[in-house]
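Visitor: Below you will find the structure I want to go over with you.
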Amino acid sequence: MLAIPLAGLVARQEQVPEAPKKAAVIANDKFSGTVTELNQESVTVVRTVPARDAVTRKFLLDAQTKVEGKLRVKARVTVQYQVEDEGQFRALHIIVR
């Protein structure tokens with residue numbers, strides 16, 4: 001009689017529900033710098049800080065990307081972005097300063 005309840009308990013433990021897939025993270029990441037390259041699909045921004053190496057990031061643009069101001073090469077910008085599953089940066093909001 002004891003073997004039956006234990007067998008049922010073990011069977012229940014083995015049926016662990018699958019973890020939900022990773023949802024898109026709300027972007028709070030921001031990157032500021034100067035636009036060095038611009039096309040319809042992406043914008044490349046370089047950030048230079050004295051006594052440090054320059055950091056360059058390429059951001060993908062899509063229909064949901066909001067741009068405030070005139071985006072052009074040599075413009076100073078702040079980009080709010082989201083990191084995609086593939087490790088690419090997707091621009092959500094660009095503010096031209």
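The values are calculated or read from the model by the stated rules, or taken from the named source; none is laboratory data. Worth saying up front: this structure is predicted, and the values here are computed from it rather than measured. Methodologically, a virtual Cβ is constructed for each residue, glycine included, from the backbone with ideal geometry; neighbour enumeration extends over all protein chains shown.
Visitor: Cβ-Cβ distance below 9 Å, separation of 6 or more or different chains: which pairs start in the stretch 49-61 with a residue that is without any contact (Cβ under 8 Å) to a residue 12 or more places away in the chain and end on one that is assigned to a strand (DSSP E or B)?
Guide: Matching pairs, first to second residue: VAL49/VAL55; ALA54/GLY33; ALA54/VAL46; ALA54/ARG47.
Visitor: Considering only residues that are part of a strand (DSSP E or B) and either in contact with a Lys or Arg (Cβ under 8 Å, 6 or more places away or on another chain) or at pLDDT below 95 (or both), look in the stretch 62-82 and name the one that is farthest from THR34 (Cα to Cα).
Guide: Applying the filter and picking the extreme gives GLN82.
Visitor: Continuing with the same structure: For a quick check of your reading of the model, give me the residue pairs whose first member lies in the stretch 23-39 and is more than 18 Å from GLY87 (Cβ to Cβ), whose second is basic (Lys, Arg) and at pLDDT 95 or above, with beta-carbon atoms closer than 7 Å and at least 6 apart or on different chains.
Guide: Final answer for the pair search is SER32/ARG47; GLY33/ARG47; THR34/LYS74; THR34/ARG76; VAL35/ARG72; VAL35/LYS74; LEU38/ARG72.
Visitor: Of the conditions (1) surrounded by 10 or more Cβ atoms within 10 Å (Cβ to Cβ); (2) at pLDDT 95 or above; (3) not charged (D, E, K, R), ASN39 satisfies every one except a single condition; which number is it?
Guide: (1)
Visitor: Checking LYS58 against (1) under 15 Å from HIS93 (Cβ atoms); (2) charged (D, E, K, R); (3) in a strand (DSSP E or B), only one condition comes out false. Which one?
Guide: Just one mismatch for LYS58, condition (1).
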